[in-house]
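This report concerns only the one structure given below.
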Amino acid sequence: MSQTTILSRAEVESMGPPAAEEIADLGIGEAFLCDLALKHVAMLPEPTTTAVAEGLHLPRALTEELLEKLYREKLIEVRLQTAVGSTRYSMLDRGWDRLLRLLAACGYSGAAPVSLNDYAHMMRLQSIPSHPASLETVRSAFHDLILPESLLQTLGCVINSRRSLFLTGLPGTGKTAVAERINNALPGAIWIPYAVEIDNQIIRVFDSHCHRIASPDVTPLEYDRRWVLINRPLVVVGGELTLENADLTWSDAAKFYEAPFQMKSNGGTLVIDDFGRQRVAPQDLLNRWIVPLERRVDYLALHTGKKIEVPFEQLVVFSTNLDENDLADQAFLRRMGYRARVEPPTPGAYSEIFKRQAYTRGIRYQQPVLDHVLNKYRSERRQMKGCEPRDLLDRATDICLFEGQPLELTPQILDIAWRNYFGASHSFEPVNTQEAMNKGTLADPLEL
């Protein structure tokens, strides 16, 4: 049993995973670690004890044990022995032969992995933040959006319960902005491994595109360096999603697995943006995740056919502008933790968004210009959208820069920006905002 599997939540938060003192404490077979050390000796330009230890992310004393075993097996030789940690090694012919066989089975040559049991234990310990979200922390997370109290309350319940959220609304009303900021209300950082080992197979977990390493100020000095402290991850997937993306990705060239996106989002937030527009049928994806959403575990298949159980410990947000009844049946919708609809902004909320967007861009304007904008919506009977103040002001900025004018909004510049954005004028049927709000619980979030 490794040291990690007996850690408590308090110990993880205060100290992180402890550095192993013996190879048995790592929870990984010694033979596998020796093979991984051999790969580092072969690939490093100067394979010293310290360099191999840094590549393996293991203590130098344990690395020396692994290298000593390789030396006794006549796979490597000592080329130069000077100061402690500076012993230099080189490969022998027998070692090169062994390396070719190893790379044919598994090409992974990164940090030493952790066991699947250790990974599952750590994810469950860290899945729930230490401090529950409050109205103040939720307001802070969404400070740059104009949101009604009812929506903030719903989001707070979602964050604390970590149940899934089905977020609907018209295009441009701010669903994606709301979904992505939910993760801001999840406090603290979490430990994830660089890689996980199961049956001598490697699953790479850490992804620099999805994971942001936490500040060194909050990282302890001594810890098991096979783990890395990251901010709670936010993973957003959209129209490129396929059903195959939800399983382990095997590389024929590298000979190891890449963790699927839901595994990379463990401990944080997973946003399925524009749900219903993926390359996989929404019913197929929902059926794939009925069990994980209910039981907090997912089942992934190795290419050998073996199924493994991994934690499914993230907050899942389905964001869509399609009718929810066209995407899922009532049986599945009942399994959703929360459902909410984001409504278009009221004129008052639109005006506030417009003011903030103008301030952010340094654009000057007078109140009659804003009244002119609101009148154009009324005259064209056009539904207001939360994204439109931003988009109109961006186009106004482009016009001012092109014509060499100061950043000052006038009715004339606004009319040009309006035409460039909306095209020819059209009339739309009026929308009863109050009636729309009564159908859902939410209203007017807008990204600033």
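The values are calculated or read from the model by the stated rules, or taken from the named source; none is laboratory data. Computed from a predicted model, the values in this text were never measured in an experiment. Note that each Cβ is placed from the backbone with ideal geometry, even for glycine, and that neighbours are counted across all protein chains shown. These accessible areas exclude ligands, DNA and RNA; they are computed on the full protein's heavy atoms, side chains included. Shrake-Rupley method; radii C 1.70, N 1.55, O 1.52, S 1.80 Å.
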Hits in the range 238-248 - residues which are in contact with a Phe, Trp or Tyr (Cβ under 7 Å, 6 or more places away or on another chain) and surrounded by fewer than 19 Cβ atoms within 10 Å (Cβ to Cβ): Asn245
Residue in the range 309-318 that is among the β-branched types (Val, Ile, Thr) and modelled with pLDDT of 95 or more present: yes
Hey, Ser115 crowded, with 20+ Cβ neighbours inside 10 Å and within 20 Å of the chain's Cα centre (by Cα) or not: no
Selection within the range 61-81 - open to solvent by 90 Å² or more (accessible area, probe 1.4 Å), touching a strand residue (DSSP E or B) at 6+ places or on another chain (Cβ under 8 Å) and either aromatic (Phe, Trp, Tyr) or in a loop (DSSP other than H, G, I, E, B) (or both): Tyr71, Gln81
Filtered residue count, the range 126-137, keeping only those that are within 19 Å of the chain's Cα centre (by Cα) and open to solvent by less than 60 Å² (accessible area, probe 1.4 Å): 3
Residue selected from the range 155-169 under the condition in contact with a helix residue (DSSP H, G or I) (Cβ under 9 Å, 6 or more places away or on another chain) and part of a loop (DSSP other than H, G, I, E, B), by the criterion least open to solvent (accessible area, probe 1.4 Å): Ser164
Residue pairs meeting the criteria (Cβ under 6 Å; at least 6 apart or on separate chains; first within 19 Å of Leu221 (Cα to Cα), in the range 2-29; second aliphatic (A, V, I, L, M) and in a helix (DSSP H, G or I)): Arg9/Leu125; Val12/Leu125; Ala20/Leu26
The range 138-154, residues that are farther than 16 Å from Tyr338 by Cβ, surrounded by 19 or more Cβ atoms within 10 Å (Cβ to Cβ) and more than 20 Å from the chain's Cα centre (by Cα): Leu145, Ile146
Residue in the range 366-387 that is touching a strand residue (DSSP E or B) at 6+ places or on another chain (Cβ under 8 Å), under 26 Å from Phe166 (Cα atoms) and either surrounded by 14 or more Cβ atoms within 10 Å (Cβ to Cβ) or of a type outside the set (Phe, Trp, Tyr) (or both) present: yes
Identity of the residue in the range 295-332, of a type in the set (Gly, Ala, Ser) and out of contact with any Gly (no Cβ under 9 Å at 6 or more places or on another chain), that ends up most open to solvent (accessible area, probe 1.4 Å): Gly305
Selected residue (only one of Val291, Val280 is open to solvent by 10 Å² or more (accessible area, probe 1.4 Å) and in a loop (DSSP other than H, G, I, E, B)): Val280
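Which of the residues belonging to the range 17-34 are in a loop (DSSP other than H, G, I, E, B) and of a type in the set (Gly, Ala, Ser)? If you could, list the steps in order and put the result at the bottom.
In the first step, residues of the range 17-34 are kept if they are in a loop (DSSP other than H, G, I, E, B); the result is 17-22, 27-29.
Answer for the range 17-34, where residues must be in a loop (DSSP other than H, G, I, E, B) and of a type in the set (Gly, Ala, Ser): Ala19, Ala20, Gly27, Gly29.
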Matching option when the condition is open to solvent by 10 Å² or more (accessible area, probe 1.4 Å) and either assigned to a helix (DSSP H, G or I) or of a type outside the set (S, T, N, Q) (or both), among Ala37, Ala51: Ala51
Residue check, Leu58 part of a loop (DSSP other than H, G, I, E, B), more than 16 Å from Met122 (Cβ to Cβ), out of contact with any strand residue (DSSP E or B) (no Cβ under 6 Å at 6 or more places or on another chain) and at pLDDT 95 or above: yes
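Does Thr5 meet the test of being over 19 Å from Glu197 (Cβ atoms), among the β-branched types (Val, Ile, Thr) and surrounded by fewer than 18 Cβ atoms within 10 Å (Cβ to Cβ)?
Working: over 19 Å from Glu197 (Cβ atoms): no; among the β-branched types (Val, Ile, Thr): yes; surrounded by fewer than 18 Cβ atoms within 10 Å (Cβ to Cβ): yes.
Against the criterion (over 19 Å from Glu197 (Cβ atoms), among the β-branched types (Val, Ile, Thr) and surrounded by fewer than 18 Cβ atoms within 10 Å (Cβ to Cβ)), Thr5 does not qualify.
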Criterion violated by Arg88 - all others in (1) within 23 Å of Ile198 (Cβ to Cβ); (2) surrounded by fewer than 21 Cβ atoms within 10 Å (Cβ to Cβ); (3) touching a Pro at 6+ places or on another chain (Cβ under 8 Å); (4) not hydroxyl-bearing (Ser, Thr, Tyr) satisfied: (1)
Flag for Gly172 being over 19 Å from the mean Cα position of the chain (by Cα), open to solvent by 10 Å² or more (accessible area, probe 1.4 Å) and in contact (Cβ under 8 Å) with a residue 24 or more places away in the chain: yes
Odd one out for Arg212, checked against (1) more than 23 Å from Ile308 (Cα to Cα); (2) open to solvent by 10 Å² or more (accessible area, probe 1.4 Å); (3) touching a residue at least 60 places away in the same chain (Cβ under 8 Å): (3)
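So which of Arg139, Arg162 is of a type in the set (Lys, Arg) and at pLDDT below 90? Break it down stepwise before answering.
Numbers: Arg139 fails: at pLDDT below 90.
Every option except Arg162 fails the conditions.
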Matching residues in the range 5-29 - criterion: being at pLDDT 85 or above and under 13 Å from Gln126 (Cβ atoms): Gly16, Pro17
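Tally time: how many residues in the range 349-365 are at negative phi and open to solvent by less than 50 Å² (accessible area, probe 1.4 Å)?
Our first condition is that a residue be at negative phi; within the range 349-365, this holds for 349-361, 363-365.
Now restrict to residues that are open to solvent by less than 50 Å² (accessible area, probe 1.4 Å): 349-351, 353-354, 357-358, 363.
Adding up the residues that qualify gives 8.
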Subset of the range 345-395 [in contact with a Gly (Cβ under 9 Å, 6 or more places away or on another chain) and assigned to a helix (DSSP H, G or I)]: Ala349, Tyr350, Ile353, Glu388, Asp391
